[in-house]
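J.: Here you go, one structure.
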Amino acid sequence: MRCEVLVIGGGPAGLMAAIYLARFRRRVVVIDGGASRAALIPRSHNLPGFPAGLPGGELLARMRRQVEELGVPIVRGTVTALEMGNGDIIASYDGEPIMAQRVMLATGIVDKQTPLADWTSAVRDGELRYCPVCDGFEATGRKIAIIGPLEHAAGKALFMRVYSCDVTLIPVGDERNDARRRELDAAGVRVTPPLHALRRGEGAIVAAFADGSSERFEIVYPAMGADVRSDLAIRLGARHTPDGFLEVDTKQRCGVDGLYGIGDVVTDLHQIAVAFGHAAVAACHAHHSLPMRYAGPSG
Ligand SMILES: Cc1cc2nc3c(=O)[nH]c(=O)nc-3n(C[C@H](O)[C@H](O)[C@H](O)COP(=O)(O)OP(=O)(O)OC[C@H]3O[C@@H](n4cnc5c(N)ncnc54)[C@H](O)[C@@H]3O)c2cc1C
């Protein structure tokens, strides 16, 4: 199979890139593993044009329909390798090679989980949340906990103090960091003993601590970090941070000819609006970098 642009990943970033590129009349293929973070969003309230909010699954379904109506195939599967060959990038998918002149890597991240069993139903019910920037507003006035290594979790806890006077940090692993503790203390954020276990209670998440005590929280935000699905690009020599986030230039190029990084896989704010912006910039640059195919008299 051969295409002008291969989009790897069918979340908001990849689907937006496909919409732009199809409308530039490019031959585009999307390959998607079907594990978008956006599918976890019970209802997003920061998407422009949807004042009542929109579930993430519905956003993806609408975008997929838009992509398919533009004639772009969305293939379910996983790309397992990328290599350079004769000016193309060759992707391996289900043992088959796909040749593409340009590749958009829109493979996203996977949040590291807390020890809470059945975490997906807690996400669905709005008790477990991952994105203070997205839905902190909807947590206004609630009893909130942030769970994670102190260094990582402190920023999220301070951010959430804007919305609630009852914010607690539950440390996991290394909990020493005197400067951060003073900052949290000054902002009125309590730090508990280290986490022992987590379970769902009625309308709450119950944290049990190493000292034998326990406490209920209405909303818990994990701040455990993430695994970045950037290995396909890194193996080709893409620029990246020590955590694995792709480092891109102003056109979303990551230092490998023809390869663009867009969406959460890039070191940037992990938001749908940002993913859309990355996709628009990368798609326009890719289009202008390819030979133009001018329309004939019949269109
Ligand atoms: C619970 C929750 C709530 C959120 N709420 C909001 C919100 O309200 N507003 C907001 O702006 N953001 C929100 N976010 C963040 C938002 O979901 C992400 O920023 C967005 O999904 C990023 O899009 P993406 O396309 O980069 O990655 P993703 O949506 O994660 O999509 C990546 C896709 O790539 C596929 N893939 C990965 N590797 C391969 C491969 N090798 N081959 C083929 N396919 C592959 C995956 O299967 C997946 O389908 C939320 C996130 C979570 C977890």
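J.: Have a look at the DSSP beta bridges in the chain and tell me what percent are antiparallel, nearest 5.
T.: Counting only bridges with both partners in the chain, antiparallel ones make up about 50 percent.
J.: Along the positive direction of the dipole of the chain (beta-carbon charges: Lys, Arg +1; Asp, Glu -1; about the Cα centre), which of 80, 137, 67 reaches farthest?
T.: Looking along the dipole axis, the top candidate is 67.
J.: From the C-alpha coordinates alone, can you work out the Kirkwood hydrodynamic radius of segment 237-299, in Å?
T.: 12.8 Å
J.: Assuming 0.36 nm per residue, please report the length gained on full extension of the stretch residue 117 to residue 206 beyond their Cα-Cα distance.
T.: 30.8 nm is the gain from fully extending residue 117 to residue 206.
J.: Compute the Rg to Rh ratio over segment 46-118 from the alpha carbon atoms, using the Kirkwood formula for Rh, and round to two decimal places.
T.: Answer for segment 46-118: 1.08.
J.: May I pose another question? Nearest 5 percent is fine: what portion of the DSSP beta bridges confined to segment 1-135 is antiparallel?
T.: Bridges in segment 1-135 are about 50 percent antiparallel.
J.: Further question on the same structure: Work out, step by step, the length gained on full extension between residue 86 and residue 186: first 0.36 nm times the residue separation, then minus their alpha carbon distance; give nm to one decimal.
T.: Contour length minus the Cα-Cα distance gives 30.0 nm.
J.: Just the number, please: percent antiparallel of the DSSP beta bridges in segment 89-182, rounded to the nearest 5.
T.: 50 percent
J.: Whole-Hz ³J(HN,Hα) for each residue in segment 17-27, computed from phi via Karplus 6.51 cos²θ - 1.76 cosθ + 1.60 with θ = phi - 60°, x for glycine and proline: what do you get?
T.: Values, residue by residue: 4, 5, 4, 4, 5, 5, 6, 8, 6, 8, 7 Hz.
J.: Continuing with this model, one more query. Under a Cβ-only charge scheme (Lys and Arg +1, Asp and Glu -1), can you give me the dipole magnitude of segment 1-137 about the Cα centre, in debye to the nearest 20?
T.: 440 debye
J.: Okay, moving on. In nm, to one decimal, how far is the modelled label at residue 174 from the one at residue 23, with both set 7 Å along Cα→Cβ?
T.: 4.7 nm
J.: List residues of segment 204-245, by number, whose backbone nitrogen lies under 20 Å from a label position 7 Å along Cα→C-beta of residue 78.
T.: What the label zone holds, given the 20 Å backbone N cut-off, is 226-236, 244-245.
J.: Same structure again: Size of the dipole of the chain about the Cα centre, Lys and Arg at +1 and Asp and Glu at -1 on the beta carbon, nothing else charged, in debye to 20?
T.: Once rounded to the nearest 20, the dipole reads 740 debye.
J.: What share of all Cα pairs of segment 159-214, in percent, falls into each consecutive 5 Å distance bin?
T.: Cα pair-distance distribution for segment 159-214, in percent: 4, 17, 24, 23, 21, 8, 2, 0.
J.: Would you mind checking which residues have amide H under 5 Å from residue 44's amide H? H placed 1.01 Å from N; only 5 or more apart, or other chain.
T.: Correct list: 54, 56.
J.: Within 10 Å of each residue's Cβ, count the other Cβ atoms and sort 104, 292, 63, 1 from fewest upward.
T.: 292, 1, 63, 104
J.: Quick one: angle between helix 56-69 and the longest Cα principal axis of the chain, in degrees between 0 and 90, rounded to 10, please.
T.: Relative to the chain, helix 56-69 is tipped by roughly 0 degrees.
J.: Also, quick follow-up: Taking only the alpha carbons of segment 88-228, what extent do you get along each of the three principal axes, in Å, biggest first?
T.: The Cα atoms of segment 88-228 stretch 57, 35, 29 Å along their principal axes.
J.: Counting Lys and Arg as +1 and Asp and Glu as -1, each charge on the Cβ, what is the dipole of segment 1-72 about the Cα centre in debye, to the nearest 20?
T.: Taking the Cα centre of segment 1-72 as origin, the dipole is about 160 debye.
J.: Still on this structure, please answer the following. Give the lysines reachable from residue 251 as a straight Cα distance under 30 Å; neighbours fewer than 8 places away on the same chain don't count.
T.: Within the straight-line cut-off, residue 251 pairs with 112, 156.
J.: Also, I was wondering about something else. If the convex hull of the alpha-carbon atoms of segment 180-269 is projected onto planes in all directions, what is the mean projected area in square nanometres?
T.: Projected over every direction and averaged, the Cα hull of segment 180-269 covers 9.1 nm².
J.: Just round it to a whole percent: the fraction of Cα-Cα distances in the chain exceeding 27 Å.
T.: In whole percent, the long-distance tail amounts to 47.
No lab work stands behind these numbers, since they all come straight from the coordinates. It should be emphasised that the depicted structure is a prediction, and the values quoted were computed from it without experimental measurement. For neighbour counting, all protein chains shown are included, and Cβ atoms are generated from backbone atoms with ideal geometry for every residue, glycine included.
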